[in-house]
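Before any comments, here is the structure.
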Amino acid sequence: MTDYFEVHEHDGAARVAELRLSDPVTTPALVDEVDRGGDPSARSHGIIEDAGSLWPEERELPEGDESTLTVLPHRAFPGGTADEVQESFAVDHPEVEYPNAVVVSPDTAADHAADAYVVSGAPGFVGHGAAFREAIVDIREAIPADSALYLPGAATPKNVAVLAYAGVDLVDPDRAVVKGTQGKYLTNDGEAFLEDLTELPCACPACQRSVEEFDREDCARHNVNALAAELGRVRERIRAGRLRDYVEGQARHEQWLTAAFREFDQQWGYVEERTPVYRTAEITAATEDTMRRVEIQRFAERVTSRYRNRFDNPLVLVPCSARKPYSESQSHGQFHDATQFRAHTVSMTSPIGVVPQELELTYPAQHYDSVVTGRWSAEEKQFVSTILRQYLERNEYPRVIAHVPGEGYRDICERVEESLDVEFEYTVEDHPTTTESLANLSSTLSGELKFSKREREHNTVRAIADYQFGPGAGDDLFGDISTQSRYPKLRVHDDGGEQLAAMVPQYGVLAFTLAGARRWVDSDAATKRVEIDGFTPHGSVLAPGVLNADDDIRVGDEVVIEGPAAFAVGRAQMTGPEMAESTRGIACSVRHVDEK
Ligand SMILES: [Zn+2]
């Protein structure tokens, strides 16, 4: 039971949460021991009451209260201590009524029903990408989702964004203070010796003096201020769903930080589970690391393993446009005028890969912004050609027409053409939007039949269903349908006229009605289920009401919510494991409910 910690916002493994003390603390936060002397700015973060180590003496269980987070008596071990030794000295943690934290090591972390877990041995792994990833993942996966992870003795203004990105909720000012007393001035991009500074590159209260008057005590105060300011930036980034964009840039200031977040990209399961299936935030594709983020990899994976082309027409490959959705751009308007519903259009793009026309609204296809230079790196070419090859291995077309410019796009097409032994027809002279190129595209398609608006709309619904619910779901769920209203606000009805789903244009996904949810449950498509207690949910289901939830539920997924008293459909606000483990917070929002 974690009564005093509630997660409000997720951004990958990072979260904004509330430590519910009598004076609540919003995390990721800087915290310190209550009555530590010295620096006033550090003291203002004083909420930690440490009952102390059991090594020198036995300790009484502290009385504790709701104004502080009490660290229960503990025995910490130096990194590398044998498991048997750690186990034989393990501490029994009694259940207490006040906010409490338990000290754990990466080797021995387990659920102790605490509100927070204090990680010992940070110096052993902070500074090493792989060891850091391993330690944080081991602990995070051993403790409940709705408990705080406190990593003392490690944070600096430079590394704290990566610490939060990995899933750390609480840090202390110790390292920043120590560095200050050593005369090291910290900023979020590095550190400098005080004597090397010509001016103070900061406007915090501690820096309101000349560099000559600025002493090591001021430096310690500044370092803590800089850490607190960086944490504010991190919290805002998490709220906006944009911490990853920041970390890709911020981590560049030190090798181990870059290594650390790349390590997390390799740890697919840990980050994937914690990344929503869609969100409003834009993705800034400014570095090659963007290709490895979950949102991009997930889209590529789903397009190449779930999506299936249902058109009989030729394929036309076109370059992406800066404007999203692509069809609203000027260039795609011109391509459309030339193809006239006689071809299935698929856009090639870095860093997404390939985007079939039916998925141009589906997150993140209209939610990214990349640096447009016209030049492709070797890694981008590799990435997009791999996806295009996989796409064409899965989807057969009578003809493949590449209406692409020479730079990069053409190289990729030729590479794929060679590896698949499929012949592409090229229609661009110079540039895709010149009159000659567009005329070429149009005449290449002469004699090809047009697909109807109905076919286009039905195939869009089915393609989104495949993408969202798994291979075959489109035919399984929406084999016999009619569509109403105008694209992209399509409403999907069954052949009896009952509405099954609606398309959400903002994210290019489908939202079920109750009839649609029932059809989903009866279909072969894998349903995502949340089992609730005997109540009728209205508006939302809170975590304590959840008895069980499928492990593969991600934030944003459609879910069927069922219990003895109700059948409902809605959207997940937590992952399945979080719903099952959490004792606070909204598990899912409810769209429609039927009382039983
Ligand atoms: Zn300052």
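Brief remarks follow.
- Looking across segment 367-396, the residues that are touching a residue at least 60 places away in the same chain (Cβ under 8 Å) and farther than 27 Å from R306 by Cα come down to V371, S377.
- Filter result (open to solvent by less than 10 Å² (accessible area, probe 1.4 Å) and either without any contact (Cβ under 8 Å) to a residue 12 or more places away in the chain or part of a helix (DSSP H, G or I) (or both)) within segment 140-163: V160, A161, V162, L163
- Residues located in segment 519-538, provided they are closer than 29 Å to G496 by Cα, open to solvent by 50 Å² or more (accessible area, probe 1.4 Å) and touching a residue at least 24 places away in the same chain (Cβ under 8 Å): R519, D524, A526, R529, H538
- Residues that are in contact with a Gly (Cβ under 7 Å, 6 or more places away or on another chain) number at least 2 in the following strands (runs of 3 or more DSSP E) confined to segment 532-596: 558-562, 566-572, 586-595.
- Qualifying residue in segment 293-306 (condition: farther than 22 Å from G249 by Cα, of a type in the set (S, T, N, Q) and either in contact (Cβ under 8 Å) with a residue 24 or more places away in the chain or in contact with a Lys or Arg (Cβ under 8 Å, 6 or more places away or on another chain) (or both)): yes
- Where T68 falls short, out of the listed (1) within 29 Å of the chain's Cα centre (by Cα); (2) modelled with pLDDT of 85 or more; (3) crowded, with 22+ Cβ neighbours inside 10 Å: (1)
- Inspection of segment 369-392 identifies no residue that is over 31 Å from the mean Cα position of the chain (by Cα) and either under 22 Å from Q297 (Cβ atoms) or buried (at least 16 other Cβ atoms within 10 Å of the Cβ) (or both).
- Scan of segment 349-400 for residues that are among the basic types (K, R) and farther than 17 Å from I412 by Cβ, ordered by number: R394, R399
- Total residues in segment 212-248, condition acidic (D, E) and near the ligand (Cβ under 10 Å from one of its atoms): 1
- Criterion violated by D289 - all others in (1) open to solvent by 10 Å² or more (accessible area, probe 1.4 Å); (2) touching a residue at least 12 places away in the same chain (Cβ under 8 Å); (3) among the acidic types (D, E) satisfied: (1)
- Count - residues of segment 486-517 that are over 25 Å from A281 (Cα atoms) and in contact (Cβ under 8 Å) with a residue 40 or more places away in the chain: 4
- Residue under evaluation I136, criteria (1) open to solvent by less than 30 Å² (accessible area, probe 1.4 Å); (2) assigned to a loop (DSSP other than H, G, I, E, B), criterion not met: (2)
- Condition check for T81: outside any loop (DSSP other than H, G, I, E, B) and either surrounded by 11 or more Cβ atoms within 10 Å (Cβ to Cβ) or in contact with a helix residue (DSSP H, G or I) (Cβ under 6 Å, 6 or more places away or on another chain) (or both): no
- Cross-chain or 6+ apart pairs with Cβ under 9 Å, segment 52-67 first and assigned to a strand (DSSP E or B), then modelled with pLDDT of 85 or more and surrounded by 14 or more Cβ atoms within 10 Å (Cβ to Cβ): S53/P73; S53/H74; S53/V103
- Test: residue in segment 40-47 that is assigned to a loop (DSSP other than H, G, I, E, B) and either at pLDDT 95 or above or in contact with a strand residue (DSSP E or B) (Cβ under 9 Å, 6 or more places away or on another chain) (or both): yes
- Qualifying residues in segment 558-572 (those that are surrounded by fewer than 23 Cβ atoms within 10 Å (Cβ to Cβ) and out of contact with any helix residue (DSSP H, G or I) (no Cβ under 6 Å at 6 or more places or on another chain)) - the one nearest to R274 (Cα to Cα): R571
- V178 vs. criteria closer than 30 Å to A13 by Cα, away from the ligand (no atom under 16 Å from the Cβ) and surrounded by fewer than 18 Cβ atoms within 10 Å (Cβ to Cβ): yes
- Test for A166: is it more than 14 Å from the ligand (Cβ to nearest atom), open to solvent by less than 10 Å² (accessible area, probe 1.4 Å) and touching a helix residue (DSSP H, G or I) at 6+ places or on another chain (Cβ under 7 Å): yes
- Positions within segment 212-258 being open to solvent by less than 20 Å² (accessible area, probe 1.4 Å) and aromatic (F, W, Y), in sequence order: F214
- Filtering segment 181-211 to residues that are surrounded by 13 or more Cβ atoms within 10 Å (Cβ to Cβ), part of a helix (DSSP H, G or I) and more than 9 Å from the ligand (Cβ to nearest atom) leaves T181, L194.
The values are calculated or read from the model by the stated rules, or taken from the named source; none is laboratory data. Being a predicted model, the structure only gives us computed values, none of them experimental. Don't worry about glycine lacking a Cβ; one is built from the backbone with ideal geometry, like all the others, and counts go over all protein chains shown. Accessible surface areas use protein heavy atoms only, side chains included; no ligands, DNA or RNA. Shrake-Rupley method; radii C 1.70, N 1.55, O 1.52, S 1.80 Å.
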